[in-house]
Amino acid sequence: MKTKLYLIIALIIIPVLSIANIPIDSTKTNVKKVFTVVLDAGHGGKDSGKFVANTKESDIALKVVKILGKQLESHADIKVVYTRTTDKFLELYQRADIANNAKADLFVSVHCNAAAATQAKGNETWVLGIHRNADNLEVVQRENSVILLEEDYKEKYVGFDPNDPSSFATNLMIQEEYLDNSIEMGANVQKRFAEDLKRKNRGVKQAGFAVLRLSYMPSVLIETGFLTNKEERTFLKSSAGQKKVAASIYDAVLDYQKNRDINLFEVEQIDTSSPTVIKPAASNAIYKVQISASSKRLEAKSYNFNKLPEISREKDGGIYRYFTGNFSSLKEASDLRKKAIVKGYKSAFIVIYENGERRRL
Ligand SMILES: [Zn+2]
């Protein structure tokens, strides 16, 4: 009798589950997923970076990154990927490429500063600036044009064409999605440097660095101190100083990771407890793939979104949401989502429209 009842319940529940097509995500049971950090020691090889009183920026960056990497590697749930571990030359786009291929959660680039005024001191963290003028865009375009020399740049830089300005708009929007997280990480770094190292806090700043622009993930560039300032140079050159700098960045990364875990858990709580998820989709339901959300209003045209089909735009408060596709079947939407991810829209997700309402699947 009992088994019969179970069978009936199963027969009712299974079709409902499959109609609703609930994504049974393996990460749900394993909340603490592997967190991948790319550590990028600035410059290297023929490019020493700033060179002051026999001190190379590239050397200090590499030493700090190696200490930092070793500390992070001691965590089972953190994976460290290096752009370089020796004194070799790397183009900016190669660094971003390494990070994108690793599908990293965070990109940290380590540098040292210099200024004509030797009294200038302190540290600052840069994130990608999104409000830039056409002159800046040209400079960035020129810097990045070297990508065209690469034979298979189309595969390596999916959706990125240095000659196509709309390609920049799209890339910008991808990074803009990560901007909040980048700023959060930047603030963590600044706080740790100020509190632990008693450094002058020069703040989190924004600019159009190519290495930040090309990486599809939260990204920061840390200027650890001034080589032109004697006191800071001596500190950065010493192994004790390098350990302290590495320790501050290490703490900032852990602060950032901890916050991601909390957010992940909250999202899943809502997902699993939401009764609307269980409900099978209405027969007239429409599925689309959200590829981007931005304060920037772009024409809802395919050429603005790496040639993805059927672009639509919706305004939500101060934010524009951009979608691709318009399907009555979830399967088609799910195929298009995969395509969008390949094209660089890493955080693309499916939305469903039912009874005049949109919700995320
Ligand atoms: Zn540098």
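The values are calculated or read from the model by the stated rules, or taken from the named source; none is laboratory data. It should be emphasised that the depicted structure is a prediction, and the values quoted were computed from it without experimental measurement. Glycine gets a Cβ as well: all are built from the backbone with ideal geometry, and neighbour counts include every protein chain shown. Side chains included, ligands, DNA and RNA excluded: accessible areas come from the protein's heavy atoms. Shrake-Rupley method; radii C 1.70, N 1.55, O 1.52, S 1.80 Å.
Summary of values
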| quantity | calculated |
| --- | --- |
| Residue identified as among the hydrophobic types (A, V, I, L, M, F, W, C), closer than 26 Å to residue 83 by Cα, surrounded by fewer than 19 Cβ atoms within 10 Å (Cβ to Cβ) and modelled with pLDDT under 90 among 139, 127 | 139 |
| Residue 182 vs. criteria among the hydroxyl-bearing types (Ser, Thr, Tyr), in the same structural domain as residue 42 (by TED's automatic domain parsing) and over 14 Å from residue 124 (Cα atoms) | no |
| Some residue of region 330-344 being under 26 Å from residue 101 (Cα atoms) and assigned to a strand (DSSP E or B) | no |
| Residue 53 over 23 Å from residue 179 (Cα atoms), within 12 Å of the ligand (Cβ to nearest atom), at pLDDT below 95 and open to solvent by 20 Å² or more (accessible area, probe 1.4 Å) | no |
| Residues that are within 23 Å of the chain's Cα centre (by Cα), among the hydrophobic types (A, V, I, L, M, F, W, C) and open to solvent by 30 Å² or more (accessible area, probe 1.4 Å), drawn from region 305-346 | 319, 341, 342 |
| Residue within region 200-216 that is hydrophobic (A, V, I, L, M, F, W, C), at pLDDT 80 or above and either open to solvent by 50 Å² or more (accessible area, probe 1.4 Å) or not assigned by TED's automatic domain parsing to the domain that holds residue 103 (or both) present | yes |
| Verdict on residue 80 being open to solvent by 50 Å² or more (accessible area, probe 1.4 Å), over 23 Å from residue 226 (Cα atoms) and in contact (Cβ under 8 Å) with a residue 40 or more places away in the chain | no |
| Qualifying residue in region 108-119 (condition: open to solvent by 30 Å² or more (accessible area, probe 1.4 Å), without any contact (Cβ under 8 Å) to a residue 24 or more places away in the chain, within 13 Å of the ligand (Cβ to nearest atom) and not in a helix (DSSP H, G or I)) | no |
| Complete set of residues in region 56-80 that are within 13 Å of the ligand (Cβ to nearest atom) and either polar (S, T, N, Q) or part of a helix (DSSP H, G or I) (or both) | 57, 58, 59, 60, 61, 62, 64, 65 |
| Criterion (exposed (fewer than 15 other Cβ atoms within 10 Å of the Cβ) and at pLDDT below 80) met by exactly one of 279, 301 | 279 |
| Residue check for residue 269: out of contact with any Lys or Arg (no Cβ under 8 Å at 6 or more places or on another chain), in a helix (DSSP H, G or I), farther than 22 Å from residue 38 by Cβ and modelled with pLDDT under 95 | yes |
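For (1) at pLDDT 90 or above; (2) touching a strand residue (DSSP E or B) at 6+ places or on another chain (Cβ under 7 Å); (3) under 26 Å from residue 232 (Cβ atoms), each residue gets a yes or a no:
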position: 29; (1), (2), (3): no, no, no
position: 44; (1), (2), (3): yes, no, yes
position: 57; (1), (2), (3): yes, yes, yes
position: 97; (1), (2), (3): no, no, no
position: 106; (1), (2), (3): yes, yes, yes
